[in-house]
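Remarks on the structure that follows.
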Amino acid sequence: MAGKITIQDIAQMAGVSKTTVSRVLNHRPDVNPETRERILHIMDQQGFFPSLAAAGLAGGRSRLIGALVSVVHWPLIPEIMRGIAEVIDQSSYELVLYSVNSNDDGKDYSEVIDRILATKLTAGLLAIYPGQFTPHLADLCRDGFPVVMFDDQVHPSY
């Protein structure tokens, strides 16, 4: 079989529907234990890993957390990223890093955040030293999108 193995390929190999494979991937209890083991065995044999992006789009929820870093030379960035990675590793989420070159040149870089959100891949954003992104991120937070901001500045209006 050429190319990346898909959920459809696993379903065909196991003689079941894509829905059954999806139920196994999502740890749903409504799958016969023998069928579950057969599917898991085939996935293991084939080296199958589900696409987090595809699963998020199909299921309407993402398992990706975006880390927005606008100042990569800030001294605490490596330590913060290590801490975030430790927590993410213990969850069912994955971390995607968005490094944004925002020079304090007065240009509005908020379209960068809008492009990130337009992909619908991230379940939330961790904004590390958000700088000029702070007002836009605060608006997103007020609108219900999960945002955590790490900063060494106090922003009392947000």
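The values are calculated or read from the model by the stated rules, or taken from the named source; none is laboratory data. Only a predicted model underlies this, so the values are computations on that prediction, with no experimental measurement involved. Here the Cβ positions follow ideal geometry from the backbone for every residue, glycine too, while neighbour counts run over all protein chains shown.
Could you count how many residues in segment 21-47 are buried (at least 19 other Cβ atoms within 10 Å of the Cβ) and under 24 Å from the mean Cα position of the chain (by Cα)?
The total comes to 3.
For the structure I just gave you, tell me whether S22 is under 22 Å from T122 (Cβ atoms), at pLDDT below 85 and among the hydroxyl-bearing types (S, T, Y).
no
Tally up the residues in segment 10-40 that are closer than 12 Å to P50 by Cα and either of a type in the set (S, T, Y) or out of contact with any helix residue (DSSP H, G or I) (no Cβ under 7 Å at 6 or more places or on another chain) (or both), please.
Total satisfying the criteria: 3.
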